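S.K.: Input: one structure, supplied below.
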Amino acid sequence: MSEASSGDAAIVPPDAGEPAPAGVGPALRVMRPARHVLAWPLLGMTLLCAATLAAYHFAVVRPAMQRVALLDIAEIYRLKEAQFEKLIADPKATDADRRRALDEAQGFGKALETLLHELPARCHCVLLNKAAVIGAGGELPDLTAEAKRALGM
């Protein structure tokens, strides 16, 4: 066997051409680094890190992200205003019908206010007036139809 400069015996590959010492087989003489010995722990650590990051994302980051939804208040008011105008402007309407329409309009305001407090809790989101949003495209969900159903429109 050849000696290294530090005095330690060097590892000699079997194809180096040197004969094996007497009584020592080639398996003992040649020590090759086993690549798979390092690959499995490295793969295990990589998978553990990936699993930890995924758990952190889904348990901490994602719930903390604020979701946003749109609500077209102007459309809801226009629809209710049209219904109210139809009841008030009807020539066959009596004073009692007009008073009932006024009471219904006041009740609508209270119902809308209640809905505006309940809807964000239902969807776990922040509501934005659709008229105040510029350039959202179709990315944000629109809860106007759900609000109209809740108000009986």
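The values are calculated or read from the model by the stated rules, or taken from the named source; none is laboratory data. What you see is a predicted model, and the numbers here were worked out from it, not measured in a lab. Counting neighbours? That spans all protein chains shown, and the Cβs are built from the backbone with ideal geometry, glycine included.
S.K.: Any idea which residue in the range 40-84 is nearest to Leu115 (Cα to Cα), counting only those that are assigned to a helix (DSSP H, G or I) and among the polar types (S, T, N, Q)? Before you say what the answer is, go through the steps one by one.
M.R.: In the first step, residues of the range 40-84 are kept if they are assigned to a helix (DSSP H, G or I); the result is 40-64, 73-84.
Of the ones still in play, those that are also among the polar types (S, T, N, Q) are 46, 52, 83.
Details: Thr46: 48, Thr52: 40, Gln83: 19 Å.
Ranking the candidates gives Gln83 first.
S.K.: Quick one: in the range 55-76, of everything that is of a type outside the set (Gly, Ala, Ser) and surrounded by 13 or more Cβ atoms within 10 Å (Cβ to Cβ), which residue is farthest from Ala147 (Cα to Cα)?
M.R.: From the range 55-76, those of a type outside the set (Gly, Ala, Ser) are 56-58, 60-63, 65-68, 70-73, 75-76; that's our starting set.
In the following step, the residues that additionally are surrounded by 13 or more Cβ atoms within 10 Å (Cβ to Cβ) were identified as 68, 70-73, 75-76.
Numbers: Val68: 15, Leu70: 11, Leu71: 8, Asp72: 9, Ile73: 9, Glu75: 11, Ile76: 8 Å.
By that ranking, first place goes to Val68.
S.K.: Sort through Leu127, Leu119, Leu87, Leu115 and tell me the only one that's outside any helix (DSSP H, G or I), in contact with a helix residue (DSSP H, G or I) (Cβ under 8 Å, 6 or more places away or on another chain) and without any contact (Cβ under 8 Å) to a residue 60 or more places away in the chain. Can you show your working first?
M.R.: On the way: Leu119 fails: outside any helix (DSSP H, G or I); Leu87 fails: outside any helix (DSSP H, G or I); Leu115 fails: outside any helix (DSSP H, G or I).
Being outside any helix (DSSP H, G or I), in contact with a helix residue (DSSP H, G or I) (Cβ under 8 Å, 6 or more places away or on another chain) and without any contact (Cβ under 8 Å) to a residue 60 or more places away in the chain holds for just one of Leu127, Leu119, Leu87, Leu115, which is Leu127.
S.K.: Please give the number of the condition Ala101 fails out of (1) of a type in the set (A, V, I, L, M); (2) out of contact with any Leu (no Cβ under 6 Å at 6 or more places or on another chain); (3) at pLDDT below 90.
M.R.: Tallying (1) of a type in the set (A, V, I, L, M); (2) out of contact with any Leu (no Cβ under 6 Å at 6 or more places or on another chain); (3) at pLDDT below 90, Ala101 fails exactly one: (2).
S.K.: For Glu139, which of the numbered conditions (1) in a loop (DSSP other than H, G, I, E, B); (2) surrounded by 10 or more Cβ atoms within 10 Å (Cβ to Cβ) fails to hold?
M.R.: (2)
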